[in-house]
Each structure stands twice: as C-alpha cells, then as structure tokens.
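What follows is one structure encoded as structure tokens, with my remarks underneath.
The values are calculated or read from the model by the stated rules, or taken from the named source; none is laboratory data. Model, not experiment: these values are computed from the prediction. Positions of Cβ are backbone-derived with ideal geometry, glycine not excepted, and every protein chain shown enters the neighbour counts.
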Amino acid sequence: MFAEVLRHESRQRAVPTGVLGGTLAVFTFFGLAVSGSLGSALDSLTASMPEALTAFIGGDSPGGYVVGEIFTLMAPIALVAYGIIAGAGLFAGEEREGTMAVLSAQPVTRRSLLLAKACSLLLSLVVIAGLFWGGMTVAALVFDSELTAGALAAGSTHLVMLALAFAAVALAVGAATGRPELASGTAGGLAVISYLTSAMLPLAGLEQWARLSPWHYALGSDPLRNGIDLSHLGAFAAIIVVALVAGLVAVNRRDLKG
Amino acid sequence: MSDEVEAAATSVDRDREPTPSGPAESPDASGTAAIEIVGLTKQFKDFTAVEELDLEIGRGEIFGFLGPNGAGKSTTIRMLLDQLRPSSGSARVLGLAVGPDSLEIHRRIGYIPGDLALYPKLTGIQTLRYFARLRGNVDWSYVLELAERLEADLGKKVADYSTGNRQKIGLIQAFMHRPELLILDEPNAGLDPLMQQTFHEMLREVRAAGRTVFLSSHTLSEVERVADRVGIIRRGKLVVVERVDELKRKAIRRLDFEFDQPVPIDMFEGVAGVRDAEIDGVHAGIAYEGSVNDVLQAALVHEVVNLHSRDADLEEIFLAFYRSDDSPAPLSPARTATASAPRAGRHVR
C-alpha cells in the first residue's frame, strides 16, 4: 500500500517535476553560454565590490557571477518554492480538495500515507536537482567552465537538502493542521526570513547569527568549491527528521478535514 | 429495467459468493452487530454536532440514517471511519473497535462520502485501479461488471465527468471488494431514476448476501424503498429508530385539492387527522396523518376536479414524532419545544 501511494503521488507530480527540472537545466545551460561571452566584464564588475557584497550576490563562486546567481539565488529559490508548495499540499491538500475522504477510508494508516507522500516529494526534488545538475554539467563541459561534475553534484545535494528541510516543515504544518495555506505560509515565511538573515547578517558583520538560518547550511560551506559538508547536511537531516516526526505525531491526533 | 441491465444484474448475482474478506470466512461474522455505537458525542468547540448517540445495526440489514442537512449524519459516519475522533463514547464496526482496529475495519467496509471528490487528472479506470491496488483484494472482472451495470464511462478524466458519472465511480470503488459493510453517505447524488433503481437492486443483493448497508440520506423517499429500519437524527440527537413501515404510518402526508368552485375556508375544521389546511379559493392543501378516508369524505362534499398526493417531508415526520404520545425518551425535550406548534390549524392564504 505504501508503494501504491508512492507510485500514485509520483505520477501525479511527474509533470511539474519534469517541467521545473527541465526549465532549470535549460536556463542553466543558456546562462553559462551567456556568461562565457560576458565573463570578463562581470568579473571586473564584481571585483570592484566589497567582499561581503560580492559574496551576497554570488560573484565569488567558482565559474563566476552567473554560476553564483544560479546556485545562490535562482535554483535554491525554485527548489525551495516547489518543495514548500508541494509539501504543503501533500497531505493537507487532499483534505482541502476533499479526496482525503475516500483515501482515508482505504486500508492504509495516516502515517503510512504521510510517509509515502514524503518519499514521493523526496524523489521529486531529487529528479529536479538531477536534471539541474545534468544541465549544469553539460554546460560546464561545453563552455569549458572550471566547474566539475563532482562539485556540481555537491552543490546540488546541498540545495536538495535545503528544499527538503522547508518542504518537511510545510508537510508537517499541513499534516498537523489540515490547512495547506497555513502550511505554505509558515514554511514560506520561514524561508524568506531565514534567507534574508543568512544573506544580510554577514554584511553587518554578524556571521555567527547567520548560522541560525538553514540557508547557511546550503551555501555557507561553499560546496561548489569544497564539496559536500556532512555536518551541514546533518543539520538539514535533523530539521527534516524533527519536522517529519512532529507531523507523524500530530496527524494521528486530530480530526481529518474534507 | 432494461434487458441489458437485467442481464448485468443476473451476471453480478452469480458472483455474490463470499470473498476471502467476506462474511462467510470472517472470524467474527456471526454474533456481533455490524455497527454498535454507545454514547457517541462529537463537540466542535461550543457546537455539539453529535450528542450521546446510541445505535445498534444488525448484520444483513439495510439501515437508513435520515436527517436534514447539518443534523450530524456525516459527522457520525466520519467517526465510524476514524476520520473524526469522538469527544466521548465509543463505536464498534463488525465487532472491531473504531480507533485501534480501524485499519482492519477499513479493509472490510466500503464507503462513499457525501460530497465525493476524486482526482481530477485521473480517468475513471485509473481512479479505480488506484483504489483497487490500495485494497489488494479486488476482482477486476467484478469492477468491470459493476461499471457495465451502472453504465459508467471509465475512459474519461474525472474532471470531465458529470456529477452522476463521478458518483458511479465512487459507488464502484465502494462495492468493488464486496465489503461486509457498506457505509454510503447520500449515495444517490446525481443518479438518474434508472440508475437509482439499479443501485437499489444492488443494495438488496448486498442484503440478500448477508452483508449490511448503512445508508445515510436527507430524503425519506431515497431510503424507504430499500431500508428495513431507519434512524432519524436531528440536531445531533438520534430522535428515533423505527421500522420503515411504522415510520410511514406515523408520517404526515399531504393532499392538494382543486375544486370546481371556491370552498369554505373552514371545510376541514374538526376533520380527524388533519394537521393543517391551507385554503385559497378553489385550491386546498391538506396535511394529515392516519387514515385518508375522513379527509376525502370532507372534500367530496364539493366537486373535486383534481387531486394530487405529495410525499411527507422529513421535517413533518419529525414533527409527527414530536407530537406522538408514545415517542421514545430522547424526544422529550423536542416535544416540549414543539408543544406550542399549531395542531389541526387553519391557514388562509
């Protein structure tokens, strides 16, 4: 039954997963193509900026400004936004749409449903990040970038874990309340505040406080340059596990809507 | 019924032998009620949706659960399904405790919700396959038989279905594993009269096979043709549980007369059984209970050019119970509240 729910959810999510992953891959490819011709101009521009500001806009990333923009801004925002929207709707969305009434009368527990849906979201994010990684890797080869497939895989892994963390929060709030809007609002608000915290506090010399933000663990260790940071991935794993456990406990205690 | 539907019905009849999860092989198939509810209460903040509900439904019966919209029917059903957690009280379904044993209960029941929603992007057949796989004990040929019998188009996407076709998919998913107990919340929605007839035949076949149907509706006419007993719930309280024939006997019915010339406004005053008379020139609407003879005798003093009989509506049946001197104990507060309601009054438009 777990496998059936997983298969159903994955099928339901196949189109948005493919579209978002494909869009990121194509966008990345053409972004690197453009950056090749503008590279020197952009590098001289970012070189004249203060170090913190350069870091803020991603100008100090391997591969230059465009890669930095893609890895520090566009891809994480796309993945996080997708994760939050999908996570909020995974369980609570079925209640809002009314399909939970029939689904929850089948011989499957609420917790199995929640776990299967969480696994489908994990798969979906991995596929999107995989397509993104593929587009980036091909572009790096074609346009002779300094980026390696391994570095890009490390960066993509951190982004997936970042998106999963916020998705897990959205899923947990949705599972606890049955209200997808509240779930996406809560997780989305946290994502925005923590992004600004992570990006702005270092500019004010408050780097230590930036560690409170999940975004710090996605980008702070500079995975494109230094590879995977297991301690940072562990921080994400902790957030995901805590959120999921909270969701599993809460969903079993309340009335279902729909 | 058409020959085709009849043939399909016969075909399904042949397949009514018990399944592995069916009553015959169930360890507790005999000796326990299909549904036992004791003191079930559901409170939403300061609103009591269901209050101290006690009910027992035997195996092999069709039980109609009647009540107006918002009376607490769906809330009761959703507590039986463990979708809502009771504030107090308990329930057992097929001898199993709701809550701890709900997974097994779900395996052995079929359910269609009152406001059915399905996945709009899936076709009917994809929807049924999904639910069949979740259950794991579904004979797919039986699914196709049900679809043929209900004339359900399985090829379209759910988003493109009419209400009636969507309802057919919901009914098939409820029936397809031959459950020991069917819990059907307003199942007739959108079904045309022929399909309603087929659906009622399917319910009778379920009963004949020793399985049970819990049929919720706000319309008496929807359940009176098939139900053995009905329970009436009003404002969260079970007003009465009664056999259908007894309920009908107590019901207030209506006759609309058209006379060839204006009639006196007091012509039904004092006529036995008349609860209300609305007289407007040549038209008279009479609400009565008991025998119709006295009403007809009073009317036929004048030339009647047309006569129309209307079904009693549920609210009037409630009122009949409130007024009845032999009403069961739960009626007491309501009877007090309606004691001032006009009895054999006269209303002139």
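Based on what the data block shows, is residue B:99 assigned to a loop (DSSP other than H, G, I, E, B), within 14 Å of chain A (Cβ to nearest Cβ), among the small types (Gly, Ala, Ser) and out of contact with any Pro (no Cβ under 6 Å at 6 or more places or on another chain)?
yes
With the requirement that a residue be in a strand (DSSP E or B) and more than 17 Å from residue B:241 (Cβ to Cβ), what does the stretch B:43-64 give you?
B:43, B:44, B:47, B:48, B:49
Residue by residue through the stretch B:197-217, note down the ones that are within 18 Å of residue B:233 (Cβ to Cβ) and not β-branched (Val, Ile, Thr).
Residues satisfying the conditions are B:214, B:215, B:216, B:217.
Filter the stretch A:221-255 down to the residues that are within 14 Å of another protein chain (Cβ to nearest Cβ) and either touching a helix residue (DSSP H, G or I) at 6+ places or on another chain (Cβ under 6 Å) or in a helix (DSSP H, G or I) (or both) and list them by number.
If the condition is that a residue be within 14 Å of another protein chain (Cβ to nearest Cβ) and either touching a helix residue (DSSP H, G or I) at 6+ places or on another chain (Cβ under 6 Å) or in a helix (DSSP H, G or I) (or both), then A:250, A:251, A:252 are the ones that fit.
So which residues in the stretch A:173-211 are among the charged types (D, E, K, R), farther than 21 Å from residue A:79 by Cα and in a helix (DSSP H, G or I), if there are any at all?
Across the stretch A:173-211, the qualifying residue is only A:207.
I'd like to verify a number: residues in the stretch B:110-151 that are within 10 Å of chain A (Cβ to nearest Cβ) and among the small types (Gly, Ala, Ser), how many?
5
Of A:40, A:104, A:35, A:61, which residue is among the polar types (S, T, N, Q) and modelled with pLDDT of 85 or more?
Answer to the check: A:104.
Inside the stretch B:179-221, can you point out the residues that are within 13 Å of the chain's Cα centre (by Cα) and at positive phi?
Listed by number, the list holds a single entry, B:186.
Residue B:154: under 23 Å from residue B:77 (Cβ atoms) and either more than 10 Å from chain A (Cβ to nearest Cβ) or in a helix (DSSP H, G or I) (or both), yes or no?
When the stated conditions are applied, residue B:154 does not pass them.
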